[in-house]
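Following: one structure in structure tokens, then a few remarks.
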Amino acid sequence: MKKVRVALIGHGHLGRWHAQKAHQIEKSELVAIVEPNREAWSTIQSEYPHAQVVASVDEVMGQIDAAIIATPTSLHANLLAKLLENKKHVFCEKPVVANASELTLVDPFIDQSVLENKLIVQVGHSERCHEAWSFLENYQDDINNFKMVKMNRLGAFKGRATDVDVVADLMIHDIDLMLWIFKQRPITVSAIGEKMRTGLWDYACAEFKFPDLRKVVLTVGRNHTHEVRDFELVSKAGTLRVDLLNQKFGYAASQESDPEKFVLEKDYQRRDHLLLEQESFYDSILEQKAPMVSYGDGAIAVKYLDCVLEALNSPTNQEVRLP
């Protein structure tokens, strides 16, 4: 079996999990783990004795086909550009870059290197992997004609990802889900927020307006007493709710003569999102098919992220027009 030779860049909280997946998947060969913190090298080497542990991806560039970027977001753009310049496939954790201006560092390589050399660039918007989304094909009338959607992603302060605000850390997930599920573009966004723990936005609530007065409200926070991750949609046909934390799907129809069909509730199976993402990444490389989440998907989510921040920083909470 042909294997994809891969290097993991960044062995932090998320990188540790990526290393495990890259090591166990049959279609990948974990060639190297790139970690600048030399104090961690002995531990890493003991866990992965067949992999090289190095300080820079430059040391193994000639030995790999692909790389996984699991570093702090502030490092993504330069690493992505370097890897593409060297004609490597890339799986980059979300957000693909820190802000829209950094896209200009990567876009030239997307046009020149990716298109010419058929390179795969996949972005780690893992929330697409929930089994619950497969149920939505039975509720297209609700999806196509929603009136209001609320998505909440709240949790306690964990001291991670403090190099970015809560919009880049958490809301980016739901921006991507919004665009992916509804296949439509909102026209404006307004937002409010609060800085509590990091000097950056630690709480944010953004209201996206679609044509025909429809709205999607995304609320994220990282200084809460309990964790919430849910999705609620209201339409003329009914109310649909997904509890992403506890894997529960519920639907209440608005017009149903049979009481047993009025309310539907069911559990769905928890999935290993990182495993699914990496398997899809290697399949895309070996079979030359489109990635699960494309660079274009990641780029538009970052552009919307910037618009939310512009709205948050507006002294009058004015609406911001979206690209």
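Here are a few things to note about the model shown:
- Hey, Q112 at pLDDT below 95 and either within 16 Å of the chain's Cα centre (by Cα) or not assigned by TED's automatic domain parsing to the domain that holds A206 (or both) or not: yes
- Annotation: of all residues in the range 60-109 being more than 21 Å from T162 (Cβ to Cβ) and basic (K, R), the one that is farthest from the chain's Cα centre (by Cα) is K87.
- Qualifying positions in the range 263-279 - modelled with pLDDT under 95 and either part of a helix (DSSP H, G or I) or hydrophobic (A, V, I, L, M, F, W, C) (or both): V263, L264
- Checking each residue of the range 75-85 against the condition of being surrounded by fewer than 14 Cβ atoms within 10 Å (Cβ to Cβ), at negative phi and among the hydrophobic types (A, V, I, L, M, F, W, C) gives no match.
- Residue within the range 150-162 that is aromatic (F, W, Y) and buried (at least 18 other Cβ atoms within 10 Å of the Cβ) present: no
- Options Y304, Y282: the member that is more than 19 Å from G193 (Cα to Cα) and either among the polar types (S, T, N, Q) or not in a loop (DSSP other than H, G, I, E, B) (or both): Y282
- In the range 95-107 there is at least one residue that is modelled with pLDDT of 95 or more, in contact with a helix residue (DSSP H, G or I) (Cβ under 8 Å, 6 or more places away or on another chain) and within 22 Å of D283 (Cβ to Cβ).
- S46 falls short on exactly one of the conditions (1) of a type in the set (S, T, Y); (2) modelled with pLDDT of 95 or more; (3) within 30 Å of E207 (Cβ to Cβ), and that condition is (3).
The values are calculated or read from the model by the stated rules, or taken from the named source; none is laboratory data. Remember, predicted model here, so these are calculated numbers, not experimental data. Positions of Cβ are backbone-derived with ideal geometry, glycine not excepted, and every protein chain shown enters the neighbour counts.
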